[in-house]
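Trainee: Just passing along the structure, written as structure tokens.
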Amino acid sequence: MGDTPGVEEPTLEEQIAVYQREFKDLDPQVEKIVSALGRLNRRMNVAYGRQTANLGISNAEWEVLKALVLSGPPYRMGPSDLAKRLGLTPAAMTHRIDRMVTEGLVTRERDGNNRVRVIIELTTGGREKWLEAMRKASVFEEDLLQDLTPVERTTLGEVLTRLLRRVEDSQPDAGGRLSDLD
């Protein structure tokens with residue numbers, strides 16, 4: 001519905017009305033929340049994708065840069081640890097790292113202490129891309145939340161964190177990111 005030019009996505013209210021017609025047991029309050037979260041997530045991903053594309057990186061590469069930054073100095077991880085953190089297969093991670101090495105965002109070196117182990121490390125250029133993406137994202141996010149008071153922001157953050165923890169507890173394999181909030 002939102003993917004074809006000229007075909008408008010129904011409003012949340014229209015969507016819920018159709019769902020209620022087709023599924024009588026639907027709780028419209030729950031559906032409105034879940035549908036709004038889904039649409040917000042999709043639209044935010046598009047916005048972030050445009051921002052990272054303007055920087056010459058993909059959202060997928062941004063995720064690797066973020067994982068390396070979150071690992072702390074010296075911003076190094078093994079490819080299998082990165083794959084687990086991002087919920088990727090080893091092959092997908094290898095392909096992503098190959099591109100990022102070519103682009104100068106990360107390096108891939110053998111571990112000096114264990115020649116079998118490979119280490120992926122954030123480059124200065126990769127860190128600069130991450131910082132620029134963060135600057136752009138923070139402007140977008142401040143604009144997104146501009147109408148919320150500080151109290152509303154705190155409350156929203158707490159509520160969304162509780163929802164996320166519930167999903168993580170019930171679906172521990174759903175995202176590969178079980179410790180993002182810890």
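Trainee: What's the longest bit of the chain with no exposed trypsin sites (Lys or Arg not before Pro), using DSSP loop states and at most 11 other Cβ atoms within 10 Å as the test?
Mentor: 25-114
Trainee: Residue by residue through the range 16-21, what is 3J(HN,Hα) from phi via Karplus (6.51 cos²θ - 1.76 cosθ + 1.60, θ = phi - 60°)? Round to whole Hz and write x for glycine and proline.
Mentor: 5, 4, 5, 4, 5, 5
Trainee: Considering the chain as a Gaussian network with a 10 Å cut-off on Cα pairs, which listed residue, Thr154, Thr89, Thr124, attains the greatest mean-square fluctuation?
Mentor: Thr154
Trainee: Taking the Cα centre of each part, how many Å lie between the range 78-146 and the range 12-74?
Mentor: 21 Å
Trainee: So for the chain, if I pair up every lysine 8 or more residues apart or on another chain, how many of those pairs have alpha-carbons under 23 Å apart?
Mentor: Pairs that pass both the separation and distance tests number 5.
Trainee: Turning to a different aspect of this structure: Would you pull out the residues with amide H under 5 Å of Thr123's amide H, same chain only if 5 or more places away, H placed 1.01 Å from N?
Mentor: Val106, Thr107
Trainee: In whole Hz and in residue order, list the ³J(HN,Hα) couplings for the range 65-76 that follow from phi through the Karplus curve 6.51 cos²θ - 1.76 cosθ + 1.60, θ = phi - 60°; x for Gly and Pro.
Mentor: After applying 6.51 cos²θ - 1.76 cosθ + 1.60, I find 4, 4, 4, 5, 5, 5, 6, x, x, x, 6, 10 Hz.
Trainee: Within the range 1-72, list the chymotrypsin sites (Phe, Trp or Tyr not before Pro) lying in a DSSP loop whose Cβ has at most 16 other Cβ atoms in a 10 Å radius.
Mentor: Counting only loop positions with at most 16 other Cβ atoms within 10 Å, the chymotrypsin sites (Phe, Trp or Tyr not before Pro) in the range 1-72 are Phe23.
Trainee: Here is a follow-up. Which is farthest toward the positive dipole end of the chain among Gln146, Val7, Gly125, measuring Cα position about the Cα centre, with Cβ charges +1 (Lys, Arg) and -1 (Asp, Glu)?
Mentor: The Cα lying farthest towards the positive end belongs to Gly125.
Trainee: Please list 3J(HN,Hα) in residue order for the range 154-163, calculated via the Karplus relation 6.51 cos²θ - 1.76 cosθ + 1.60 where θ = phi - 60°; whole Hz, with x for glycine and proline.
Mentor: With the stated coefficients, the range 154-163 comes to 4, 4, 4, x, 5, 5, 5, 5, 4, 4 Hz.
Trainee: So, one more: Full extension from Lys66 to Ala47: what is 0.36 nm times the residue separation minus their Cα-Cα distance, to one decimal in nm?
Mentor: So the extension gain works out to 5.1 nm.
Trainee: For the chain, what is the calculated [θ] at 222 nm in deg cm²/dmol (nearest 500), taking -39500 (n - 2.57) for each run of four or more DSSP H residues and dividing by its residue count?
Mentor: Value at 222 nm, helices only: -20500 deg cm²/dmol.
Taken together, the values in this text are just the output of simple stated rules run on the coordinates, not laboratory data. What you see is a predicted model; the values in this text were computed from it and never measured. Virtual Cβ from ideal backbone geometry, glycine too; neighbours counted across all protein chains shown.
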